[in-house]
Amino acid sequence: GSMAGATGMLRTISNGAPGLIIGRLLDMNAVGLFSRGQSMVSLFHMLVMQGLQPVMMPYFSKEHRAGENLKSSYLYVLACLTAVAWPFFAFVALMAFPIVTLLYGDQWSDSVPVVQALCIYMFFQIRNERYW
């Protein structure tokens, strides 16, 4: 319990840290633009990862109990996840302007470069097990 609580607290702090740093170094407008960009990229987590996370751990547990090689199971799940994530982030990066305009309105069009930069970042982050 305490380990899960500490992990959750550290994750919350690390999620909020960019906004705090940007707000300190720049201004609230920059924080707002970053927040909009971050919310666009977090759609993948909300739409895909939150559905997969309750299934992945039981899958790995079943594989472990059956004496299967967890490395191959992990690599298989990672490959499947990457096959879904990369096209998603490529699409969002290419279509960032219409998506931002549709979801948030014209006033947030300045956040399009942030969305594109975060999508490129997520290409590499998805392979990081900390993400899931």
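When the range 86-107 is examined, which residues are found to be touching a Gly at 6+ places or on another chain (Cβ under 9 Å) and either open to solvent by 60 Å² or more (accessible area, probe 1.4 Å) or modelled with pLDDT under 90 (or both)?
None; the set is empty.
Just one of the numbered conditions (1) surrounded by 11 or more Cβ atoms within 10 Å (Cβ to Cβ); (2) without any contact (Cβ under 8 Å) to a residue 24 or more places away in the chain; (3) among the basic types (Lys, Arg) is not true of residue 24; which one?
(1)
Restricting attention to the range 1-12, which residues are under 19 Å from the mean Cα position of the chain (by Cα), open to solvent by 100 Å² or more (accessible area, probe 1.4 Å) and farther than 15 Å from residue 38 by Cβ?
9, 10
If we keep just the residues of the range 51-74 that are touching a helix residue (DSSP H, G or I) at 6+ places or on another chain (Cβ under 9 Å) and in contact (Cβ under 8 Å) with a residue 12 or more places away in the chain, which is surrounded by the most Cβ atoms within 10 Å (Cβ to Cβ)?
73
Only one residue in 31, 41, 77, 48 is touching a Gly at 6+ places or on another chain (Cβ under 9 Å) and surrounded by 11 or more Cβ atoms within 10 Å (Cβ to Cβ), so which one is that?
On the way: 41 fails: touching a Gly at 6+ places or on another chain (Cβ under 9 Å); 77 fails: touching a Gly at 6+ places or on another chain (Cβ under 9 Å); 48 fails: touching a Gly at 6+ places or on another chain (Cβ under 9 Å).
Exactly one residue qualifies, and that residue is 31.
The values are calculated or read from the model by the stated rules, or taken from the named source; none is laboratory data. Computed from a predicted model, the values in this text were never measured in an experiment. As a convention, Cβ positions derive from the backbone with ideal geometry for all residues, glycine included, and neighbour counts pool all protein chains shown. The protein model used for the area step is the full one, side chains on, heavy atoms only, and it has no ligands, DNA or RNA in it. Shrake-Rupley method; radii C 1.70, N 1.55, O 1.52, S 1.80 Å.
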